[in-house]
Structures are given as C-alpha cells and as structure tokens.
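Values in this text are rule-based calculations from the coordinates and carry no lab data. Just so it is clear, the model here is predicted, and its values are computed rather than measured. FYI the Cβ positions are ideal-geometry reconstructions off the backbone, even for glycines, and counts take in every protein chain you see.
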Ligand SMILES: [Zn+2]
Ligand SMILES: [Zn+2]
Ligand SMILES: [Zn+2]
C-alpha cells in the first residue's frame with residue numbers, strides 16, 4: 001500500500017536541501033535575465049523590429065540549461081480514475097504532474113485538474129513569459145488581421161517556443177528533454193493557431209470572447225497588492241485576488257465552448273490533426289480543453305460558482321487513494337524513482353518527461369545492482385547511482 005506515494009515523497013524530501021533551493025533560485029535568475037533581454041525590445045515593436053532568430057537563440061539557451069526536476073510538484077495523495085483510450089489500462093499511480101500518461105503504455109490519458117491547480121500555484125514565475133509575449137503577441141495579432149499568414153506563423157512559432165521555455169508547466173512534460181517532441185509540439189500548436197485564426201467563424205467567436213472578457217465585472221480583491229506579489233514572485237493570496245461576478249462570466253463560457261466545438265470541426269477536416277505529437281483521440285483532447293478552462297478560471301470564482309463550472313464542464317472528480325504496488329526502477333534520463341506496474345511496456349517519466357521502456361525484466365547495474373530503465377531508443381546509459389555503463393539486455 002502507498003508504496004508509490006512513499007517513493008515520490010522520499011524523492012522530494014531528499015531534494016529539499018538549502019543547496020538545492022539555492023540552485024533552483026539561481027536557475028530562475030538566469031531565465032529572468034534572458035527575459036529581460038527580450039524585454040529591452042521597443043514596446044511598439046513592429047514585425048520587422050522583432051528579431052525572431054535572436055529570440056529563438058535565447059530561448060534555446062534557456063531550455064538547454066534548465067533543470068526540469070527542479071519544477072517537480074508535490075504528488076497528489078490521490079489517483080484520478082481514468083481509462084487509457086489507447087490500451088484500456090486504468091490509471092493506478094498517483095498524479096505528480098497535471099498531464100496524465102498511461103501507467104502501461106505511456107499515452108496521454110487525461111488532465112488532472114486537482115494537480116494542475118497545485119502546480120499553477122507553485123510556479124508563479126509567469127511575468128517573464130508575459131514580457132516576451134507582450135512584444136510578440138500584438139505583432140502576431142496584427143498579422144492575423146492583415147491576412148499575413150507567413151508572418152503570423154513565424155511569430156506564433158516563436159511565442160510557442162517561449163511558452164515552452166518560460167512556462168514549462170503549461171506544456172506537456174515530454175517537451176522538457178525530448179527535442180524532437182518539443183519541436184513537433186510547437187509546430188502543432190502553431191498550425192492549430194493558423195487554422196483557427198484564419199477561419200472566419202472561429203475569428204468571429206474570438207471577437208466575442210474579447211468583447212465578453214472586457215465586459216467581465218470583478219469584485220473584491222486588491223490589485224495593487226496582487227501586482228506587488230507578482231513582481232516579487234509570490235502567489236497572489238486568497239484575499240488579494242478579485243472574484244469575477246458569475247452572471248458576467250457564464251456568457252463567456254458559452255462562447256468558449258462554441259469556439260472549442262468549431263476547433264474540433266476544423267481539425268476533423270484538416271491534416272493539422274496528424275501533426276499532434278501525442279496523437280490524442282478527440283475525446284481526450286476535449287477532456288484536456290475542459291479541464292484547462294476550469295483550471296484557468298476556478299481561482300477567480302466563488303467556490304459555489306466554481307462547483308457549477310466543474311459540473312457544467314462535466315469534469316468528473318473521481319479520485320481514489322493509490323493501492324497499486326509496482327517494481328521500482330531508476331530512470332537513467334534523470335535518476336527519478338519510477339514505479340513500474342506489472343504488464344507495463346512504456347511510461348512517461350514524471351520528472352524528466354522522457355518516454356521510458358519498461359517492458360520485460362529490469363536492467364540491473366553491474367556496478368551497484370540498482371534496477372534501471374532506459375529511455376526509448378537508447379541502447380546504453382550511465383547508472384544514475386554509480387555512473388557505471390548500463391546496457392539493454
Ligand atoms: Zn495505455
Ligand atoms: Zn526521468
Ligand atoms: Zn549502478
């Protein structure tokens with residue numbers, strides 16, 4: 001019982017040394033530095049002023065030096081009940097990140113709202129990405145309005161790369177270390193944006209979204225205190241966060257759902273769907289969209305209104321305590337303690353996001369007898385415990 005949970009807890013506790021916290025702080029300072037470089041671009045940047053190559057180079061440097069295990073959130077005490085659309089396996093291990101991958105085959109199965117909320121609060125460092133976005137997004141929108149597909153595509157591509165670099169908790173963990181995956185994810189998101197931005201029906205719905213967002217009424221809170229907290233990297237507290245007046249919010253939800261439906265129709269008739277690096281079935285993509293919508297708005301709603309939203313979006317909150325026990329193997333990609341269930345062939349490492357082969361017996365290190373598992377496509381690696389070379393058997 002609870003073996004998987006204890007393993008994760010132990011892993012997290014071992015990391016909470018003063019040295020480790022200093023390391024995490026230094027990493028954040030470095031990303032902030034890159035963002036400030038970007039922020040030195042003129043505020044009224046036009047398309048020709050924005051140096052996409054320089055922006056991409058800075059983002060790649062930031063990506064290369066990032067330690068993703070530093071951003072590993074606390075695991076949930078519960079398992080979200082969900083069934084894999086690819087292999088039919090049930091989720092048995094507790095959620096560590098919001099994006100849930102099948103414990104048996106590694107496919108995306110669901111999005112854990114509970115864990116997403118915890119993760120969003122633990123990483124308030126969104127100001128850096130906002131600075132980059134504030135330079136590039138208006139230029140991209142102008143290109144969209146002008147019907148300039150090529151410029152829109154190029155700027156959106158850079159924005160997506162920036163998102164992957166500075167708000168990693170908003171992108172799938174598989175993008176952290178798998179460069180090919182990350183490029184496919186950026187390309188897919190970019191082409192999806194091109195598909196919807198240049199569709200008249202979707203664009204008209206987007207105008208309504210903007211109009212309704214501007215008409216939202218807010219109550220309570222303290223914006224000055226919230227701004228101060230954001231600038232000092234703290235999460236806005238319960239009392240400083242304003243609440244949205246629900247009657248002004250429900251019309252926005254209606255239009256957002258219409259927009260999602262339009263996106264689904266567009267994808268069904270387009271080759272863009274084939275670019276999805278997760279090859280997600282429509283039903284899974286829809287579940288992820290609804291969970292994301294709820295995650296974004298729940299902190300700004302009264303708890304009672306939040307319950308209405310969760311019900312309206314048909315997000316089941318069936319959670320259970322984990323009971324599965326498995327075999328432990330260290331990920332050679334990052335050293336994380338993986339729990340491998342009987343019958344599993346592939347899992348996605350919660351810490352580094354790599355797809356790991358776990359089919360067949362464990363590979364045992366000749367140096368220290370540690371049980372390890374290798375990322376897909378890798379024939380050998382260093383043992384995370386003793387550095388000895390380990391090979392596939
Ligand atoms: Zn599966
Ligand atoms: Zn790993
Ligand atoms: Zn070893």
Percent RCO, i.e. relative contact order, over region 299-350, from Cα pairs under 8 Å lying at least 6 residues apart: 22
Cα gyration tensor shape of region 166-210, rounded if a/c is under 1.5, else prolate or oblate by comparing a/b with b/c: oblate
Hull-based mean projected area of region 327-391, where the convex hull spans the alpha carbons, in square nanometres: 3.6
Rounded to 5, percent antiparallel among DSSP beta bridges of region 327-391: 85
Proxy reagent accessibility, fewest Cβ within 10 Å first, across 141, 160: 141, 160
Förster radius 35 Å - calculated FRET efficiency between residue 376 and residue 141, Cβ distance, rounded to 0.05: 0.35
Förster radius 45 Å - calculated FRET efficiency between residue 248 and residue 148 (Cβ-Cβ, nearest 0.05): 0.85
Size descriptor, Kirkwood hydrodynamic radius, that averages inverse alpha-carbon separations across region 134-211, Å: 13.2
Label-to-label distance, nm, for residues given as residue 393 and residue 304 (7 Å Cα→Cβ offset): 6.2
Sequence-separation-based contact order of region 327-391, relative, with Cα cut under 8 Å and 6+ spacing, percent: 31
Packing rank of 362-374, 271-283, 208-220, where each peptide gets the mean count of other beta carbons within 10 Å, highest leading: 362-374, 271-283, 208-220
Taking 289, 152, 249 and counting other C-beta atoms within 10 Å, the order from fewest to most: 289, 249, 152
Label point distance in nm, residue 315-residue 170, each placed 7 Å from Cα along Cα→Cβ: 1.7
Burial ordering of 349, 331, fewest other beta-carbon atoms within 10 Å first: 331, 349
